[in-house]
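Working notes, structure below.
The values are calculated or read from the model by the stated rules, or taken from the named source; none is laboratory data. Computed from a prediction, not measured in an experiment: that's the story for all the values here. Cβ: placed from backbone, ideal geometry, glycine included. Neighbour counts: every protein chain shown.
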Amino acid sequence: MRMAEKEMVFAHSFLTTQWNLMCRSSNTVGIMYRHIEWRGNAMCVVFAHMKNDQAGERRRDPRHIYANPLQPDVCPILGLAVL
């Protein structure tokens with residue numbers, strides 16, 4: 001695999017995750033393993049801080065990401081699995 005193709009795999013994964021979370025790119029960059037958990041069929045992401053809560057003092061409800069088996073090219077779960 002060429003270097004450009006490897007970079008596109010990461011970019012695709014990043015952008016589909018950002019799109020499904022409907023968040024800013026800076027929030028997507030800050031996601032760590034400890035911010036992710038599974039609940040039922042959904043991958044849940046809890047953001048440590050947001051624009052209006054920089055200290056991360058208020059607990060947030062997790063945002064859910066679901067797989068899209070009918071359109072694997074835009075499936076965020078598959079995109080993360082490929083990494």
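Listed values, structure above:
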read-out	value
Residues of the range 51-71 satisfying the condition of being at pLDDT below 65 and either closer than 12 Å to L21 by Cα or among the acidic types (D, E) (or both)	D53, E57
Identity of the residue in the range 24-50, in contact with a helix residue (DSSP H, G or I) (Cβ under 9 Å, 6 or more places away or on another chain) and in a helix (DSSP H, G or I), that ends up modelled with the lowest pLDDT	N27
Of all residues making up the range 1-34, the number that are surrounded by 15 or more Cβ atoms within 10 Å (Cβ to Cβ) and without any contact (Cβ under 8 Å) to a residue 24 or more places away in the chain	6
